[in-house]
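Single-structure report; data block below.
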Amino acid sequence: MVSAGKRLLVLGLVSVVVFVAGGCATSSTSGAFKSYADSFNKARPSMGSNDMTVIDSIYAKDAARRDGQGMLANWELAAADEAVGRWAESRDHFLLADAIARDLESKAVVSGSDVAKTAGSLLTNDNTIEFKGDAYEKVMAHTLNALNYIALGDLTGARVEVRKADEYQQLELEKHAKALQAAEQKDSQADQQRPATSELTEELGKMDSFTAGVKNSFQNSFTYFLSGLVYEMNGEADDALIDYRKALELTPECDPIRESVQRLSGAEPNVAAPAADQGEVVIIYEEGLVPEKQEVKFPVPLPWGSISYTAFPVYTDFTPTAERLEVSIAGRSVETEPLIDMHVLAVKALKEKWVGITAREIARVVAKETAQRETAKQAQKQGGVGAELVANLFGLIYKAASTRADLRAFYGLPDEVQVARVVMPVGQYDVRLRRVNAQAQALEKDVQLTVVAGNKTIVVVRGLQTTINSFSIGG
Amino acid sequence: MKSFVMTGVVLLGFLTGCASGPAVSYQDPNAVETLTADFGTTDVQMITDKMVSSLLETPIFGSDRPVIWVSPLRNKTSEHIDTKMITDRIRTALLKSGKVRFTAASDIPKELQKQISYQNESGIVDPSTAAGQARQIGAKFMLYGEVGSIVKQAGRTKLVDYQVTLNLTNVETGIIEWADEKTIRKGSTRQVFGR
């Protein structure tokens, strides 16, 4: 009777796997046996290039989907477009991704399709579960889209996007107030349940110390800063001050933000608003690309002599970004100051999901082992000991091949965002931008900009491995 | 028992399947639309009805059919709303009342300028029929306002309060002659079980 139950369970799971795999067209960038990080690595060298052929060929198919994979593809395309100043194209991709995100968020709490995908993932891996994106990714998607709207001269659109970003941050804050506390407790329980290997423990230890001091993954200073800037440009100084203050809470050492708060609150007489014949230059420097998740995979010896496998996503590269952008303008030289370290937020977001990942991995070990044992038992009944050996061998190979960590994330995001603000007299200026990349190469770019009385000229600088793209907006 | 489990598995499988092409049908544009809690055509309709009837009840227009300049509503919500759709509907309904007129200069200033230049400077249009220069009528009133929203979410329930405020100001005196507001509360609740 027990055996019949197990057979049904295995049959059921296999059926769901078949339905999940066969019911929809498969994603072109990730799947049960396809790593998303590998797909992005093919796109990575083309980020920052005006030639979008490679990136389009990787993401266009997924971008047409109305699921999580479609949302991710549209995010990546939006980031690639924004890196070369294709603002309207970037905006459209972000809007499409947002529409998908809202569809996913309005699904039933217990969604039949999600349950089926999760059940199906028991015999494969987390890559077959719907990608829903992390809150920090959604917040950043709205923030970067606000930048698109600013570049397109649509301040109302920019205002909508910063409000959406704020709503996400607020919602997550309320949702996580209790959950974060509970997750910390569960996390220590999961630490005890997790199959212990020195490699995994070491990686988790590094992730813990890397995110020490960061309260959560979903609030970031750049979003609040840009929000303040948009409110200021819309003539809403009170709202701007509120968001600059929130930004200052998260990055108290950032001078451009402290000065913004002092100027708008009138708290510091020495930090005055630009005079009647002055305007302001705001430099937003988006540096690099957020590092990819890596897979840690290891065998799990089982008490009855069999072996199973388990895999976890981790971040392993913790090299700090020391790179600043030097801005030379009319004999003055300023350096951008860090506002957001996306790498830290990404690691923190992964840690916040750790309990669920661990629980699913444990369930997967049990499910795959049960499936293998049942298959071997049936093979033995039908074809004797030889057939059982072959079934066990295939089972072992399948377990090893199907055990893969979910490495999906919005990798087109900048690794770090930095800002600088300079008040200048009205006029036209030649500005020199200089950065030294990770390979110690000095890259320079000259940009012309116009400062208009009472206005803000925004210079968006995108620094990628060997390129430096810059765009002057407004004035 | 076996057949029950298998039926469940098959149903689950169908639930995961991709949707085929959408079913298309014509529908009544005046019917109440509640697909999502987002700002929609029914909201535009409710706002227009309320604002137009409120405006037409005021005695400020008199019988000389004053000219009004319409500014687009400021969108202070967290949704990309086409606020021009609201002002266009209000303008159309007010025009139909016959009590007021509207200047197109608030809508298509460049096109008007271009047309006047074309009629007077291109040498193509009969000068006796060309529109005179500096003959446009200045607006007596300005109609402007904003749409704001407050979003609250707790558990599965999301509430959105939209508030639309409209003002009519006398351009010469700067006096706000009329103002009204309309609040719409919309709620949505995620299902517990579903697709």
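The values are calculated or read from the model by the stated rules, or taken from the named source; none is laboratory data. On a predicted model such as this, the values are computed, not experimentally measured, just so you know. Glycine also receives a Cβ, built like all others from the backbone with ideal geometry; neighbour counts cover every protein chain displayed. Surface accessibility is based on the protein's heavy atoms, side chains included, excluding ligands, DNA and RNA. Shrake-Rupley method; radii C 1.70, N 1.55, O 1.52, S 1.80 Å.
All of A:398, A:411 fail the test of being under 34 Å from the mean Cα position of the chain (by Cα), surrounded by fewer than 20 Cβ atoms within 10 Å (Cβ to Cβ) and modelled with pLDDT of 90 or more, apart from A:398.
Identify all residues within region A:430-475 that are touching a helix residue (DSSP H, G or I) at 6+ places or on another chain (Cβ under 9 Å) and either assigned to a strand (DSSP E or B) or open to solvent by less than 50 Å² (accessible area, probe 1.4 Å) (or both); write none if there are none. Don't jump to the end; show me each part of the working.
Going through region A:430-475, the residues touching a helix residue (DSSP H, G or I) at 6+ places or on another chain (Cβ under 9 Å) turn out to be A:455-456, A:458, A:460, A:462, A:464-465, A:467, A:469, A:471, A:473-474.
Scanning region A:430-475 gives A:456, A:458, A:460, A:462, A:464, A:467, A:469, A:471, A:473, A:474.
Looking at region B:38-56, can you tell me whether even one residue there is within 20 Å of residue A:108 (Cβ to Cβ) and modelled with pLDDT under 85? For region B:38-56, residues within 20 Å of residue A:108 (Cβ to Cβ) and modelled with pLDDT under 85: absent.
Sort out which residues of region A:103-117 are of a type outside the set (Val, Ile, Thr), assigned to a helix (DSSP H, G or I) and either in contact with a helix residue (DSSP H, G or I) (Cβ under 8 Å, 6 or more places away or on another chain) or at positive phi (or both), and write them in order of number. Within region A:103-117, A:104, A:112, A:113, A:116, A:117 meet the criteria.
Give me a count of the residues in region B:62-99 that are more than 30 Å from residue A:162 (Cα to Cα), free of Cβ contacts under 8 Å to residues at least 60 places away in the same chain and open to solvent by less than 40 Å² (accessible area, probe 1.4 Å). The qualifying residues number 3. Residue A:336 meets the conditions (1) touching a helix residue (DSSP H, G or I) at 6+ places or on another chain (Cβ under 8 Å); (2) crowded, with 19+ Cβ neighbours inside 10 Å in every case but one. The failed one is (1). The residues of region A:120-159 that are within 12 Å of chain B (Cβ to nearest Cβ), over 24 Å from the mean Cα position of the chain (by Cα) and surrounded by fewer than 22 Cβ atoms within 10 Å (Cβ to Cβ), listed by number, are A:154, A:155, A:156. Filter region A:75-87 for residues that are of a type in the set (A, V, I, L, M, F, W, C) and part of a helix (DSSP H, G or I); which is surrounded by the most Cβ atoms within 10 Å (Cβ to Cβ)? Per the stated criteria, the residue is A:75. Listed conditions (1) surrounded by fewer than 17 Cβ atoms within 10 Å (Cβ to Cβ); (2) of a type in the set (Gly, Ala, Ser); (3) modelled with pLDDT of 95 or more are all met by residue A:25, apart from (3).
Taking region A:31-74 as the range and being open to solvent by less than 10 Å² (accessible area, probe 1.4 Å) and among the hydroxyl-bearing types (Ser, Thr, Tyr) as the test, the residues that pass are A:36, A:39, A:59.
The condition of being surrounded by 15 or more Cβ atoms within 10 Å (Cβ to Cβ) and either farther than 30 Å from residue A:451 by Cα or at pLDDT 90 or above (or both) holds for residue A:311.
Take residue B:59 and tell me if it is open to solvent by less than 50 Å² (accessible area, probe 1.4 Å) and farther than 30 Å from residue A:102 by Cβ. No; evaluated as a whole, the condition is false for this residue. Listed by first and then second residue, the pairs linking a residue in region A:67-80 that is over 18 Å from residue A:290 (Cβ atoms) to a residue that is among the polar types (S, T, N, Q) and not in a helix (DSSP H, G or I), with Cβ atoms under 9 Å apart and 6 or more places separating them unless they lie on different chains, are A:67/A:27; A:69/A:27; A:69/A:28; A:69/A:29; A:69/A:30; A:70/A:27.
For first residues located in region B:147-161 and more than 10 Å from chain A (Cβ to nearest Cβ) and farther than 23 Å from residue B:73 by Cβ, partners that are at pLDDT 90 or above and part of a strand (DSSP E or B) and lie 6+ apart or on another chain with Cβ distances below 9 Å form the pairs B:157/B:187; B:157/B:188; B:157/B:189. Just one of the listed residues (A:90, A:111) is at pLDDT 95 or above, more than 16 Å from the chain's Cα centre (by Cα) and open to solvent by less than 30 Å² (accessible area, probe 1.4 Å), and it is A:90.
Of all the criteria given as (1) within 14 Å of chain A (Cβ to nearest Cβ); (2) more than 29 Å from residue A:154 (Cα to Cα); (3) among the basic types (Lys, Arg), the one not satisfied by residue B:76 is (2).
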